[in-house]
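Notes for the one structure printed next.
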Amino acid sequence: MFAIGGGTMHVAGFCRDDTVCDALAARGALSLGQSRDAALVSRASATLRETIFHRRLKAFFRDCDVIVARNLEQLAIARAIVGKRPLVYECLDIHRSLVGQGWGSRLVRAVEGALLPRCDLLITSSPAFLRNHFDHRPLKAKALLVENKLLPEGGAAPSPVERPAPAPPYTVGWFGMLRCKRTLAFLQQLVRRGEGRIEVLIAGKPSPAELPEFEGEVEATPGMTYVGPYSYSDLPELYGRCDFAWSIDWFEEGLNSKWLLPNRLYEAIAFGAIPIALGEVEAGHWLERHDAGLIVADGEMAAQRLLDVDPAEVATMRESIARIDRGEVICGAVECGELVHSIASLSVQ
């Protein structure tokens, strides 16, 4: 979005892999080292190290007009190098450590509370993050909502995927960061109960901390297929193979999973798959406002609806998805330009 909107970037951060991905390497990104999923102590120590020994990072960002920190640990590092420049906090995830009652959560909240007053702008992806968290924190800056819409490669909006007439077996897609044990168990049981009426297609990166036996469990479940990690260009083909998109997340149930608006919600609609969401969470509220999707009260209701759905119902749900304005799920160049303008304007205030 920054690039499409006309911004020039210097990029730095921690990597989950041992090398910088090609897209960021092409931008001359600076790696601060490798981080691991669920390794909070290690990440905290790496953050503290970069906060104290920040000479190379300060030099790397010397010519930047604004510093944007994309999560809380990066905000701590950015605070050490920003000087008098504007500081933008991008928060797309309220981690469970920010909402717990233990000493660790109180410590993390204290750190956040000390950093927030210095922020000049907050960027977040769900209004529920504002209502349930930031409205109750010492944040004085303006908040800017930037939803996780599909950002087309090359700036061209994708065309809806051509689909055959609905008929069983129906395919449910589960894509993205794969960390929810309950979702995996639910989808395994759904496939077995369906006895050939339901298939599940999985793509993305499983968390080794949460799902250490992931590939073996999938392989042992007939009707369930895992195709590995994917890139942006794979989305039309992946969603084109699916009738439904699993948009329920029980990971950190009742906390972040209740508040977020995930990428897969927008991606599914952009490519004509029907999102499945809980009615009580923010994703369900979004679908209710747009009178679309398969909205359920709980897992058992989701299973029953999928096992009992007939072709006419699927066709009707597809029509509801198709009626949603494309601008609600796809980010265009104008939106990118507005984002960059909002950030750039901070440096001239």
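For the reader, a short list of remarks on this structure follows.
- Restricting region 175-223 to residues that are under 19 Å from the mean Cα position of the chain (by Cα) and assigned to a helix (DSSP H, G or I), the residue that is surrounded by the fewest Cβ atoms within 10 Å (Cβ to Cβ): R182
- Flag for N256 being under 30 Å from D325 (Cβ atoms), open to solvent by less than 20 Å² (accessible area, probe 1.4 Å), at pLDDT below 95 and not charged (D, E, K, R): yes
- The test for being within 26 Å of V340 (Cα to Cα) and under 24 Å from the mean Cα position of the chain (by Cα) holds for L87.
- Region 149-170: number of residues that are surrounded by fewer than 19 Cβ atoms within 10 Å (Cβ to Cβ) and part of a strand (DSSP E or B): 0
- Some residue of region 68-82 being assigned to a loop (DSSP other than H, G, I, E, B), open to solvent by 50 Å² or more (accessible area, probe 1.4 Å), under 14 Å from I343 (Cβ atoms) and of a type outside the set (G, A, S): yes
- Residues in region 308-343 that are within 24 Å of the chain's Cα centre (by Cα) and among the hydroxyl-bearing types (S, T, Y): S320, S342.
- Selection of region 150-192 for residues being modelled with pLDDT of 90 or more and more than 27 Å from L92 (Cβ to Cβ) yields A165, P166, A167, P168, P169, Y170, T171, Q188, Q189, L190, V191, R192.
- Looking only at region 224-253, and only at residues there that are assigned to a strand (DSSP E or B) and in contact with a helix residue (DSSP H, G or I) (Cβ under 6 Å, 6 or more places away or on another chain), the one that is surrounded by the most Cβ atoms within 10 Å (Cβ to Cβ): A245
The values are calculated or read from the model by the stated rules, or taken from the named source; none is laboratory data. Source: prediction; values computed, not measured. Every residue, glycine as well, gets a Cβ built from its backbone with ideal geometry; the counts of neighbours run over all protein chains shown. Calculation scope for accessible area: heavy atoms of the full protein, side chains included, ligands and nucleic acids excluded. Shrake-Rupley method; radii C 1.70, N 1.55, O 1.52, S 1.80 Å.
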